[in-house]
Amino acid sequence: MSGASGSGRRVRVRIAPSPTGYIHVGTARTALYNWAFARQHGGDFILRIEDTDTERSREEWVGGIMAGLEWIGSRWDEGPYRQSERTALYREAADHLFRSGALYACDCTREDVLERTRDNPTPGYDGYCRQRGLERGPGRALRFAVPTGGVTVVHDLVRGDVEFANSTIEDFVVVKSNGDALFVLAVVVDDRDMAVSHVVRSEEHLPTTPKAVLLWEALNAAGPAVELPAFAHLPVLVNEKRQKISKRRDRVALEDYEADGFLPEAMANYLSLLGWSPPSGEEFFSLDDLVRDFRLEDVNHSPAFFDNQRLAHFNGVYLRALSDEEFTARVREWAERTGHSLGTAPYSTAAFAVLAPLVKERVTTLADAPDYVSFLFAEHFEMEEASFDKAIARDTTAPSIIAAARERFAGLIEWAAADLKEALEAIAADHERKLAKAQAPVRVATLGRSVGLPLFESLEVLGRNETLARLERALERTR
Ligand code: GLU
């Protein structure tokens with residue numbers, strides 16, 4: 001085992017999302033690292049729902065979190081546990097800590113504290129109740145008595161030892177005056193109870209980690225000692241302006257990427273590169289490769305740029321690597337799931353598969369695909385009005401070109417792209433037009449739009465009867 005697995009204890013890691021919204025891409029990255037680390041060491045990956053913030057937590061988000069973790073490929077082994085179901089444990093720990101003298105009761109109101117500390121050089125609680133020896137009771141919070149001197153060291157596998165002077169840590173609240181345990185205590189109690197060996201999470205949590213270490217040590221002193229987990233704080237994700245990505249200004253919900261037609265394997269690959277890269281330097285890799293190569297020690301500290309363009313590039317590469325059958329199946333599945341149904345016969349999925357190589361070259365997401373092939377599926381085919389107007393209604397030669405195409409196409413012995421092209425070349429010559437200009441009205445008449453896949457390959461797949469019928473209908477509209 002690598003050094004990261006510590007002193008040979010069983011590897012147990014966790015993802016601890018709060019159900020206050022959609023799953024953030026940063027949380028998905030954290031989940032992938034935890035999952036891969038657990039798999040590599042034959043350990044356990046725990047899902048713990050941190051719903052202590054009852055005002056903002058919603059049960060319906062929990063389902064979305066689980067679906068997102070499964071979609072990205074980081075399935076948990078244990079849980080979901082919910083903090084809201086574990087409050088008795090937190091209360092018990094608080095009792096223990098109070099009895100041992102690590103916590104003290106405090107009846108200061110926020111206003112009292114502000115009033116007294118207005119001119120203090122360091123913000124935060126001033127320790128007013130620390131020596132008052134108040135009993136616990138309604139309306140009294142419990143604060144942690146932080147040692148006045150010395151430092152608290154966080155051993156971090158990514159950043160090395162990070163020291164915090166205890167003088168900069170206020171006597172923080174552990175249990176609110178209404179009796180509710182705060183997050184900082186709940187996390188420590190859970191990590192102890194669940195025998196978590198490594199806390200791998202976003203660096204946003206680094207500032208509160210010394211408090212967790214102090215609490216952990218106090219619990220060890222008061223009761224049975226449990227080995228501290230190793231910590232690894234992962235770099236934050238930033239946008240092109242180097243700002244932390246947030247739901248207010250950036251696209252951060254994993255679900256949105258799924259709905260937009262990103263492939264989970266492309267997403268997982270791209271997210272894994274935000275803060276880490278494999279020793280080979282290879283950018284494209286599978287989850288199996290991640291499990292084999294991932295090292296916490298190789299995670300870097302600097303903020304990672306979440307680059308939507310690069311993600312789109314990754315997605316395109318993954319889409320093009322799919323077989324034609326797989327590609328069409330994924331597009332269909334995406335369309336059905338997101339309510340963009342392609343429609344049904346007469347034009348089959350097999351016809352789509354024939355055009356798949358051409359579609360794959362042109363798309364970056366699954367969502368881009370239906371427009372290219374909708375002409376194959378539209379039960380009631382219609383020309384796009386703007387395209388009809390431009391390429392047919394306002395082109396006085398268009399009716400003659402369409403009529404000639406219907407004529408010559410009908411007489412073709414073989415219904416093949418090369419023959420269709422030859423026929424239209426002859427028509428173009430008759431009308432003294434370049435081929436591209438002669439194609440425009442035929443394209444709109446048969447495929448409905450002025451942009452799309454190559455015309456002749458499309459018509460080959462569309463078939464003789466339907467092509468001729470569409471040319472006829474377009475012609476009627478010009479009369
Ligand atoms: N609940 C925290 C979050 O959603 C995670 C805290 C932790 O991993 O310790 O970011």
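Where a number appears in this text, it was derived from the coordinates with a stated rule and is not lab data. Bear in mind the structure is a predicted one, so any value in this text is a computation, not a measurement. Note: ideal-geometry Cβ built from the backbone for every residue, glycine included; neighbour counts use all protein chains shown.
Explain nothing, just compute: Karplus ³J(HN,Hα) = 6.51 cos²θ - 1.76 cosθ + 1.60, θ = phi - 60°, for every residue of region 286-297 in order, whole Hz, x for Gly and Pro.
Going residue by residue, I get 9, 5, 4, 5, 4, 4, 6, 9, 5, 9, 4, 5 Hz, with x marking Gly and Pro.
With +1 assigned to the C-beta of every Lys and Arg and -1 to the C-beta of every Asp and Glu, and no other charges, what is the dipole magnitude of region 364-406 about the Cα centre in debye, to the nearest 20?
So the magnitude is around 280 debye.
Starting from the amide H of residue 82, placed 1.01 Å from N in the peptide plane, find each other amide H under 5 Å away whose residue is 5 or more places distant or on another chain.
Residues meeting the criterion, in which the H sits 1.01 Å from N, are 49.
Could you work out the local net charge near residue 134, counting Lys and Arg as +1, Asp and Glu as -1, over the other residues with Cβ closer than 9 Å to its Cβ?
Charge balance in the 9 Å sphere: +1.
Using amide H atoms built 1.01 Å from N in the peptide plane, name the residues 5+ places from residue 172, or on other chains, whose amide H lies under 5 Å from its own.
Answer set, sorted by chain and number: 144, 146.
Hey, what do the phi angles of region 463-479 turn into as Karplus ³J(HN,Hα) couplings, whole Hz, using 6.51/-1.76/1.60 and θ = phi - 60°, x for Gly and Pro?
Once rounded to whole Hz, the list reads x, 5, 4, 5, 4, 5, 5, 5, 4, 5, 5, 5, 4, 4, 5, 7, 7.
What full-extension length gain, to one decimal in nm, is calculated for residue 419 and residue 131 as 0.36 nm per residue of separation minus the Cα-Cα distance?
Working: separation 288, 0.36 × 288 = 103.68 nm, distance 9.55 nm.
The span from residue 419 to residue 131 would gain 94.1 nm if fully extended.
Mind ranking 14-25, 127-138, 460-471 by how tightly packed they are, going by the mean number of other C-beta atoms within 10 angstrom, highest first? All intermediate terms of the calculation are to be shown ahead of the outcome.
Working: 14-25: 21.5, 127-138: 12.2, 460-471: 18.6.
Output ranking for 14-25, 127-138, 460-471: 14-25, 460-471, 127-138.
Can you give the FRET efficiency to the nearest 0.05 for residue 161 and residue 317, using r as the Cβ-Cβ distance and R₀ = 45 Å?
The value I calculate is 0.65.
Fully extended, how many nm does the chain gain between residue 60 and residue 330 (0.36 nm per residue separation, minus their Cα-Cα distance)? Present the calculation step by step, with values, prior to reporting the outcome.
Numbers: separation 270, 0.36 × 270 = 97.20 nm, distance 2.71 nm.
Roughly 94.5 nm would be gained on extension.
Determine the sum of side-chain charges near residue 476: Lys and Arg each +1, Asp and Glu each -1, restricted to other residues whose C-beta is under 13 angstrom from that of residue 476.
+4
Any chance you could run the full-extension gain for residue 380 through residue 151? It's 0.36 nm times the residue separation minus the Cα-Cα distance, nm to one decimal.
75.1 nm
Counting only residues 5 or more places away or on other chains, whose amide H sits under 5 Å from the amide H of residue 199 once H atoms are built in the peptide plane?
230, 231, 232
Output needed: Cys residues of the chain lacking any neighbouring Cys C-beta below 4.7 Å, sorted by number.
Cys with no partner Cβ under 4.7 Å: 108.
Please report the Cα spread of region 331-479 along all three principal axes, rounded to whole Å, starting with the longest.
47, 31, 26
Tell me the mean residue ellipticity at 222 nm calculated for the chain from its helices only (DSSP H runs of n ≥ 4, each -39500 (n - 2.57), averaged over every residue, nearest 500). Let's see the in-between values first.
Values: 19 runs with 215 residues, N = 479.
Theoretical 222 nm ellipticity from helices: -13500 deg cm²/dmol.
Once label points are set 7 Å from the Cα along Cα→Cβ at both residue 110 and residue 208, what is their separation, rounded to one decimal in nm?
1.7 nm
If r is the Cβ-Cβ distance from residue 430 to residue 338 and R0 is 35 Å, what FRET efficiency results, to the nearest 0.05?
0.15
HN-Hα J couplings of region 153-164 from phi, Karplus 6.51/-1.76/1.60, θ = phi - 60°, integer Hz, Gly and Pro as x?
9, 9, 7, 10, 5, 8, 9, x, 7, 10, 9, 10
What ranking, highest mean first, results for peptides 158-166, 224-232 when packing means the other Cβ atoms within 10 Å averaged over each residue?
224-232, 158-166
Kindly express, to the nearest 10 degrees and within the range 0 to 90, the angle between helix 209-222's C-alpha long axis and the longest C-alpha principal axis of the chain.
With rounding to tens, the tilt is 40 degrees.
Highest first, please rank the peptides 442-452, 293-303, 176-186 by the mean number of other Cβ atoms sitting within 10 Å of their residues.
442-452, 176-186, 293-303
Any idea how far the Cα center of region 365-429 sits from the one of region 281-301, in Å?
Here the two parts' Cα centres lie 49 Å apart.
What is the distance, in nm, between label points placed 7 Å from the Cα along the Cα-to-Cβ direction at residue 407 and at residue 248?
6.8 nm
Could you pull out the trypsin sites (Lys or Arg not before Pro) across region 360-409 that fall in loop regions by DSSP (anything but H, G, I, E, B) with no more than 11 other Cβ atoms inside 10 Å?
Working: sites: 360, 362, 390, 394, 406, 408; in loops: 362, 394.
Sparse-neighbourhood loop trypsin sites (Lys or Arg not before Pro): 394.
Cα gyration tensor of the chain, axes a ≥ b ≥ c as square roots of the eigenvalues: rounded (a/c below 1.5), prolate (a/b > b/c) or oblate?
Prolate shape, in that a/c is at least 1.5 and a/b is the bigger ratio.
Grab the other residues whose beta carbon is less than 15 angstrom from that of residue 427, score K and R as +1, D and E as -1, and report the net. Working shown, then result.
Numbers: positive: 406, 408, 421, 433, 434, 437, 443; negative: 395, 407, 419, 422, 425, 430, 432.
Spelling it out: positives minus negatives among the neighbours equals 0.
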